[in-house]
Amino acid sequence: MTEVNAILVTGSNGQLGQSFKKIAKDYNNYDIIFATRGELDLSDNNSISNYFQQNSFDLIINCAAHTAVDKAESESELADTINHLAVEQLAEIAKQQQAKLIHISTDYVFNGQQYRPYIETDDVAPQGVYGLTKLKGEQAVLRIMENNALILRTSWVYSEFGNNFVKTMLRLANDRDSLNVIFDQVGTPTYATDLAQAIMTIVQNEAFQQNFSSELVHYSNEGVCSWYDFAKTIFELSGITCDVSPIETKDYPTPATRPHYSLLNKAKIKQRYDLTIPYWKDSLQHCLSVLQENSE
């Protein structure tokens, strides 16, 4: 059994990394190190090797990824380097250093053609480069680390930080009276702060403190909506008047194909780690309040 004390968070300038920074003060019994791309560049295997020659940890939380879904179609080599090959290297290092690994993955490993929430053992069939490279990263972790790796798939992440759907809708509503938003893609928005809190709850759980067989779990907020519902709710909760019209995916072509249905079944993670998961609208309200405070 490895007592977790020294924790590395990769991708510390991304949405999830910055959300971890925000809550880190509540976990000062851990030594949490945040690595930026300047210190640990996952697109460069020499940078990875050099970093871990100087540093070792009890737990690596890999929040770094090539997450630009459409751009990944034209940057497939870079997406594969960051989402697959770097993850493979991190798993090798974690195994060598006898560290635990929590790796963040995505609902995009599924094809979205199902009509009940996806469980961890459902067939995977990514529809684009992003989903495929993330799947290859998952498979590398499970191949290399028989024990002490947790792969956590999530969906529709947003936060106060970086670029995301919530901030894009608020920005567009400043410039326009009406917007068209897709209504035939259904899933669950995930507030990055809730995800970071959930991960820290897992880290403190006895089941995680022991040696455990490497596995997959699913996490998003509770509830279900389409992107159209999400946009409408953003404006309602913000008191913004903007006319939102529902459109079909085919009316808004993008380079990458996205799953039409990507609800994640969270029974396993809730039961195993005794998690209570907030409802998506409550978390959205909280995020909007923080954005409002930040803008004042």
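Summary of values
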{"quantity": "Residue match in region 148-165 (condition: in contact with an Asp or Glu (Cβ under 8 Å, 6 or more places away or on another chain), touching a residue at least 60 places away in the same chain (Cβ under 8 Å), among the basic types (Lys, Arg) and crowded, with 19+ Cβ neighbours inside 10 Å)", "calculated": "yes"}
{"quantity": "THR188 farther than 13 Å from ILE104 by Cα and free of Cβ contacts under 8 Å to residues at least 24 places away in the same chain", "calculated": "no"}
{"quantity": "Matching residues in region 15-52 - criterion: being touching a Phe, Trp or Tyr at 6+ places or on another chain (Cβ under 8 Å), β-branched (Val, Ile, Thr) and surrounded by fewer than 20 Cβ atoms within 10 Å (Cβ to Cβ)", "calculated": "ILE33"}
{"quantity": "Odd one out for LEU78, checked against (1) surrounded by fewer than 24 Cβ atoms within 10 Å (Cβ to Cβ); (2) among the aliphatic types (A, V, I, L, M); (3) modelled with pLDDT under 95; (4) closer than 25 Å to ASN205 by Cα", "calculated": "(4)"}
{"quantity": "Exclusive hit being out of contact with any Gly (no Cβ under 8 Å at 6 or more places or on another chain), under 30 Å from VAL290 (Cα atoms) and either of a type in the set (Phe, Trp, Tyr) or assigned to a helix (DSSP H, G or I) (or both), set ARG171, ARG143, ARG153", "calculated": "ARG171"}
{"quantity": "Residue match in region 206-220 (condition: under 30 Å from TYR27 (Cα atoms), out of contact with any helix residue (DSSP H, G or I) (no Cβ under 8 Å at 6 or more places or on another chain) and in a helix (DSSP H, G or I))", "calculated": "yes"}
{"quantity": "Residue satisfying all of: in region 102-131; assigned to a loop (DSSP other than H, G, I, E, B) and of a type in the set (Ser, Thr, Tyr); farthest from GLU88 (Cα to Cα) among these", "calculated": "TYR115"}
{"quantity": "Residues located in region 221-237, provided they are small (Gly, Ala, Ser) and either modelled with pLDDT under 95 or assigned to a strand (DSSP E or B) (or both)", "calculated": "SER226"}
{"quantity": "Cβ-Cβ under 8 Å pairs, at least 6 apart or on other chains, region 117-135 side more than 17 Å from SER220 (Cβ to Cβ), far side crowded, with 24+ Cβ neighbours inside 10 Å and among the charged types (D, E, K, R)", "calculated": "PRO126/LYS134"}
{"quantity": "Hey, ALA94 within 13 Å of GLY137 (Cα to Cα) and part of a helix (DSSP H, G or I) or not", "calculated": "no"}
{"quantity": "Selection from region 248-280 of residues that are of a type in the set (A, V, I, L, M, F, W, C) and modelled with pLDDT under 95", "calculated": "ALA256"}
{"quantity": "Residues of region 48-70 classified as over 17 Å from the mean Cα position of the chain (by Cα), in contact (Cβ under 8 Å) with a residue 24 or more places away in the chain and farther than 22 Å from TYR30 by Cα, total", "calculated": "2"}
{"quantity": "Selection count, region 174-194, where residues are part of a strand (DSSP E or B) and crowded, with 23+ Cβ neighbours inside 10 Å", "calculated": "3"}
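Yes or no, residue by residue, for (1) under 19 Å from ASP107 (Cβ atoms); (2) loosely packed, with under 13 Cβ neighbours inside 10 Å; (3) touching an Asp or Glu at 6+ places or on another chain (Cβ under 7 Å):
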position: SER220; (1), (2), (3): yes, no, no
position: VAL244; (1), (2), (3): no, no, no
position: PRO253; (1), (2), (3): no, yes, no
position: HIS260; (1), (2), (3): yes, no, yes
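The values are calculated or read from the model by the stated rules, or taken from the named source; none is laboratory data. What you see is a predicted model, and the numbers here were worked out from it, not measured in a lab. Please note: Cβ atoms are built from the backbone with ideal geometry, for glycine as well, and neighbour counts cover all protein chains shown.
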